[in-house]
1. Using only Cα atoms, find the angle between the long axis of helix 134-149 and the longest principal axis of the chain, and express it within 0 to 90 degrees, rounded to the nearest 10.
2. What is the packing order of peptides 110-121, 35-46, taking the mean over residues of other C-beta atoms within 10 Å and listing the highest first?
3. Points 7 angstrom from Cα along the Cβ direction at residue 58 and residue 35: gap in nanometres?
4. Over the chain, give the accessible area per residue in Å² for a 1.4 Å probe, as an integer.
5. Quantify, in whole percent, the carbon and sulfur part of the accessible surface of the chain (1.4 Å probe; protein heavy atoms only).
6. About the Cα centre of the stretch 42-180, how large is the charge dipole given +1 on each Lys and Arg Cβ and -1 on each Asp and Glu Cβ? Please answer in debye to the nearest 20.
7. Could you please report the charge total around residue 180, scoring K, R as +1 and D, E as -1 over all other residues with beta-carbon less than 12 angstrom from its beta-carbon?
8. Have a look at 42, 75, 162 and report the one farthest towards the positive end of the charge dipole of the stretch 42-180, computed about the Cα centre with Cβ charges (Lys/Arg +1, Asp/Glu -1).
Amino acid sequence: MTTNKFLAALMALCAIALSAEALNIEPRSSWGAVAARSPARISGAVDYVIIHHSDNPNGCSTSDQCQRMIKAIQTDHKGRRSFSDIGYNFIVAGDGKVYEGRGFGLQGSHAPNYNRNSIGIVFIGNFESTKPSSQMLQNAKDLIDKAKQGGYLKNTYTLLGHRQTKATACPGTALFNEIKTWPNWRSI
């Protein structure tokens, strides 16, 4: 490898690390989360990242809108669905932020047969015909990098769309086609 190629590769790796470090995850308190009932811990790094969409037709673009939507998702999950908390580990929102759902190291309720060994990431909006903004997509990639760097996700993880884990249209065709181009996506 020439010196120039080596330096270019080193700079690319540094940019990835800095991007993940710079990702600011908004805490549960920012959206008014209600305490979880009996959260289940996950020990060690998990094998999967499962991508979802919330299927809200208009998504959200301001912090107030996004926080209200996240709160409504938690209310639905804890009420109608009888989950112990919001089902997802993290929420990628249209206001340019990533919000903590259950967070790292806690079992989600988002993909049957995968909950104990995955991180569930939901994009707020409906992404059947259009994909999320470039900012939302980058935030999700940075979140995945942060999970690997923090030891919550194996480097050899598998990326899946929710539709690969059960009969559903989630995460929408446009978002599903996008994640199929990302590293670690696998057909199962």
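The values are calculated or read from the model by the stated rules, or taken from the named source; none is laboratory data. Remember, it's a predicted structure, so these values are computed and weren't measured experimentally. Here Cβ is always computed from backbone atoms with ideal geometry, including for glycine, and neighbour counts include all displayed protein chains. All accessible areas refer to the heavy atoms of the entire protein, side chains included, with ligands and DNA or RNA removed. Shrake-Rupley method; radii C 1.70, N 1.55, O 1.52, S 1.80 Å.
1. Between helix and principal axis, roughly 80 degrees.
2. With the highest mean Cβ count within 10 Å placed first, the list reads 110-121, 35-46.
3. 3.6
4. On a per-residue basis, the chain sits at 50 Å².
5. Summing carbon and sulfur atoms, their accessible area is 52 percent of the total for the chain.
6. 280
7. +2
8. 42
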